[in-house]
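Shown next, in structure tokens, is the structure this report addresses.
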Amino acid sequence: MPLSSSHHPTRAADACEVRVAAALEGWRLELPSWGFADTGTRFGKFLQPTAAHTIEEKFADAGQVHLYTGCCPTVALHAQWDLPGDAAGDARAVLQMAARYGVRPGSISPTLFQDQEYKHGSLANEQPGIRQRALDHIVASIAWARALGSSDVTPWFADGSNFPATADMRQRKRWLTAGLARAHAALGPEQRLLIEYKPFEPAFYHTDIADWGMALLLARAAGPQARVLVDTGHHYAGQNIEQIVAWLLDEGMLGGFHLNDRRYADDDLTFGSIDPYQGFRIFAEILAFERERGSSAGLATMIDQSHNLKNKVEEMIQTVMSGQELYAKAAIIDFDALAAARGEQRLIDAENIYKDAFSTDVRPAVRAWRRARGLAEDPLAAFRASGYLERVARERAGHTATATSYA
Ligand code: PSV
Ligand code: MN
């Protein structure tokens, strides 16, 4: 392993285990409720007999992921899909239901893109009535979040246009600014508004919050409890995401992540499946920042992916396992040696410090951490052996699939 004691293999392995255990102990990944439901692409949906159709089934599936990985105690909910209605409903019932499966509700995403009214946008819509409706929905989502004890409300706006000249981009910016400030005013003192950006899709000419700079300006204008949310799939190909992360951290404006991987666009592929080194580099920026400041960056780290070919619970466990491995690899970077190499402009040495950490097989250390916590060493194998999927396939047979939309 890449720590300086590496010339003594046993001691180095022990040091690696200690570093990995300390990192994993405090690391949590939030699961998306929609990742357990039948979803698809605009071309169609391939239904799974074990897919979740109700919020209870989503909690049940998420509970399995947490049971075997020990690192996913919260579930992100999408207001319209999971918490329908205009006002906070029976939060106690939702909390009790989640608790039955060993999880809690996490961040709450308003759903501002599905209803017919939102065809031309939500908070940036030309029609005042629709802007008001969108604001009311965000405020209702904030009320739900407070009733559920969730601190983070995570709006994503599909607002944008498809053809040049059809939208007044400056005016829409002002409507978004005003709407987000009003939404911010509805936050409780313990709550945060995490503003997510995306360059295109479903709008293919312009998207109102297209990148991190726009999200940052809007978050600053909204108020002190607003931050930026980075969805790893929401960038142009080749964009340096870890630099965005570094800048937002340095500005105190990074609120959290939606983790997934992509090859072409917002593909929602399994996190770490295409470019694991990028995940490692993002985690390295966070760990370096936290090390420097001596405390947690307070980030909400969620998975946001939903694939319709792999089994959903298995894919989620696979994602968590890869996430833990990448995080563990970043945690064993020799940051002191790195600072020295950078300061002395020893470029090859600095780069090799990353490469050494990234190419270290941390799986034995991750397994040791799981053993110490009483978890199965191989969460995926343990889940498969449990018979859960066979049972829910029987129980869920005959349920009708519900459309959830693109993710
Ligand atoms: C949009 O692509 C997104 O990333 C937003 O976070 C949504 O809330 C999520 O996917 C689900 O559609
Ligand atoms: Mn997202």
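The values are calculated or read from the model by the stated rules, or taken from the named source; none is laboratory data. What you see is a predicted model, and the numbers here were worked out from it, not measured in a lab. Please note: Cβ atoms are built from the backbone with ideal geometry, for glycine as well, and neighbour counts cover all protein chains shown.
Among the residues of region 207-225 satisfying the criterion of being in contact with a Lys or Arg (Cβ under 7 Å, 6 or more places away or on another chain) and more than 15 Å from ligand 1 (Cβ to nearest atom), which is nearest to residue 178 (Cα to Cα)?
219
For region 126-183, enumerate the residues that are within 16 Å of ligand 2 (Cβ to nearest atom), under 18 Å from residue 203 (Cα atoms) and touching a Phe, Trp or Tyr at 6+ places or on another chain (Cβ under 9 Å).
Within region 126-183, 156, 157, 158, 159, 160 meet the criteria.
So, in region 164-190, of the ones that are crowded, with 21+ Cβ neighbours inside 10 Å and of a type in the set (A, V, I, L, M, F, W, C), which residue ends up farthest from residue 221 (Cα to Cα)?
Across region 164-190, the extreme among qualifying residues is 167.
Please verify whether region 156-163 includes one or more residues that are surrounded by fewer than 17 Cβ atoms within 10 Å (Cβ to Cβ), away from ligand 1 (no atom under 16 Å from the Cβ) and farther than 14 Å from residue 105 by Cβ.
There is at least one residue in region 156-163 that is surrounded by fewer than 17 Cβ atoms within 10 Å (Cβ to Cβ), away from ligand 1 (no atom under 16 Å from the Cβ) and farther than 14 Å from residue 105 by Cβ.
In region 98-115, what residues are under 19 Å from residue 141 (Cα atoms) and more than 20 Å from the chain's Cα centre (by Cα)?
Of everything in region 98-115, those that are under 19 Å from residue 141 (Cα atoms) and more than 20 Å from the chain's Cα centre (by Cα) turn out to be 114, 115.
What single numbered condition from (1) over 27 Å from residue 75 (Cα atoms); (2) of a type in the set (A, V, I, L, M); (3) under 22 Å from the mean Cα position of the chain (by Cα) fails to hold for residue 169?
The single condition residue 169 does not satisfy is (3).
Would you check which residues across region 32-58 are in a strand (DSSP E or B) and touching a Lys or Arg at 6+ places or on another chain (Cβ under 8 Å) and list them?
Those that are in a strand (DSSP E or B) and touching a Lys or Arg at 6+ places or on another chain (Cβ under 8 Å): 37, 52.
Taking the residues in region 78-104 that are more than 16 Å from residue 57 (Cβ to Cβ) and not in a helix (DSSP H, G or I) as candidates, determine which candidate is modelled with the highest pLDDT.
Step by step, filter region 78-104, then rank; the result is 104.
Quick test for you: out of 312, 329, pick the one residue that is surrounded by 14 or more Cβ atoms within 10 Å (Cβ to Cβ), at pLDDT 95 or above, under 30 Å from residue 388 (Cβ atoms) and within 16 Å of ligand 1 (Cβ to nearest atom).
Just one listed residue meets the conditions, 312.
Could you list all residues from region 74-122 that are under 20 Å from residue 203 (Cβ atoms), buried (at least 17 other Cβ atoms within 10 Å of the Cβ) and within 16 Å of ligand 2 (Cβ to nearest atom)?
78, 80, 109, 110, 111, 112, 113, 122 - these are the residues of region 74-122 that are under 20 Å from residue 203 (Cβ atoms), buried (at least 17 other Cβ atoms within 10 Å of the Cβ) and within 16 Å of ligand 2 (Cβ to nearest atom).
Give the residue, chosen from 87, 134, 93, that is out of contact with any Ser or Thr (no Cβ under 6 Å at 6 or more places or on another chain) and in contact (Cβ under 8 Å) with a residue 40 or more places away in the chain.
Checking each option against the conditions leaves just 87.
Taking the stated definitions as given, is residue 202 within 22 Å of the chain's Cα centre (by Cα) and surrounded by fewer than 18 Cβ atoms within 10 Å (Cβ to Cβ)?
Here the answer is yes, as residue 202 does meet what is asked.
Go through region 13-50 residue by residue and tally those that are closer than 16 Å to residue 65 by Cβ and within 16 Å of ligand 1 (Cβ to nearest atom).
Here the count works out to 9.
If a residue has to be touching an Asp or Glu at 6+ places or on another chain (Cβ under 6 Å) and closer than 14 Å to residue 154 by Cβ to count, how many in region 97-125 make the cut?
2
Quick one: in region 335-367, which of the residues that are surrounded by fewer than 19 Cβ atoms within 10 Å (Cβ to Cβ) and small (Gly, Ala, Ser) is nearest to the chain's Cα centre (by Cα)?
By that ranking, first place goes to 359.
Which condition does residue 295 not pass, out of (1) of a type outside the set (Asp, Glu); (2) over 30 Å from residue 43 (Cβ atoms); (3) surrounded by 12 or more Cβ atoms within 10 Å (Cβ to Cβ), if it passes all the others?
All conditions are met except number (3).
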